[in-house]
């Protein structure tokens, strides 16, 4: 009887401990999600503060490498991304490339952010042809080193090919493109010259199973308006 009661007590303690861990992990993930929301909305100062607070909470788990390692890597990457979007390129690169910098070997996403910042750090507004080619050569080398051990990283491969093509265009005689500070939503596009709305063609995806020409069913927006009953 005593052994049975002791067994139930141990099971209850284990279940309670697991519940506490899951509750703490859920709250932590919620805090990370709120910080991600601030970053997505480009509230960079709020995002930096939120990520810093989460990082401070995770500092105690750093002594146990396997505990919440994925969350720690994610928060570290987001912290670097927030600094990148703020234009803090050179200090960001220095923090992860100096001899006493923390290792980023196991965090591929962080490596990519640092690689992007490395290119931006050497790019200058109104660069001359020589300075632009030097910055592109530097970027090509950075992305090539990143791809040597991670050839499946599509974003790094895209940037590498983009840098190579841009360099070839400048060598062929094209003008050096103007420098624009990157933003998360993307660079604002220019209005095409002599653009007419009548020339814009809009394609609407159709159902590949039913051919509209072979059916008499009404389509969305067609037919008599729906009347409210009563």
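Can you order the peptides 29-42, 46-59 by their average number of other Cβ atoms within 10 Å per residue, highest first? Please report the intermediate quantities before stating the final value.
Working: 29-42: 14.9, 46-59: 17.1.
Going by the mean number of other Cβ atoms within 10 Å, highest first, we get 46-59, 29-42.
Peptides 135-148, 95-108 ranked from most to least packed, by the mean per-residue count of other Cβ atoms within 10 Å: 135-148, 95-108.
Contact order, relative form, for region 107-179: 37 percent (alpha carbon pairs under 8 Å, 6 or more residues apart, mean separation divided by residue count). Between residue 128 and residue 100, the FRET efficiency estimated from the beta carbon spacing at R0 = 41 angstrom works out to 0.75.
Once the Cβ-Cβ distance of residue 157 and residue 43 is raised to the sixth power relative to R0 = 22 Å, the FRET efficiency obtained is 0.10.
Under the simplified labelling scheme, the residue 27-residue 164 pair shows an inter-label distance of 5.1 nm, with each label point 7 Å from Cα along Cα→Cβ. Once R0 is set to 30 Å, what does the formula 1/(1 + (r/R0)^6) return for the Cβ-Cβ distance between residue 73 and residue 137, expressed as a FRET efficiency to the nearest 0.05? Given R0 = 30 Å and the Cβ-Cβ separation, E is 0.50. Starting from the Cα of residue 175, step 7 Å toward the Cβ, then list every residue of region 127-161 with an amide N under 14 Å from that point. Under 14 Å, as judged by backbone N against the label point of residue 175, lie 127-129 of region 127-161.
Values in this text are rule-based calculations from the coordinates and carry no lab data. Predicted model, so just to flag it, every value in this text is computed and none were measured. Here the Cβ is made from the backbone with ideal geometry for all residues, glycine too, and neighbour counts use every protein chain on show.
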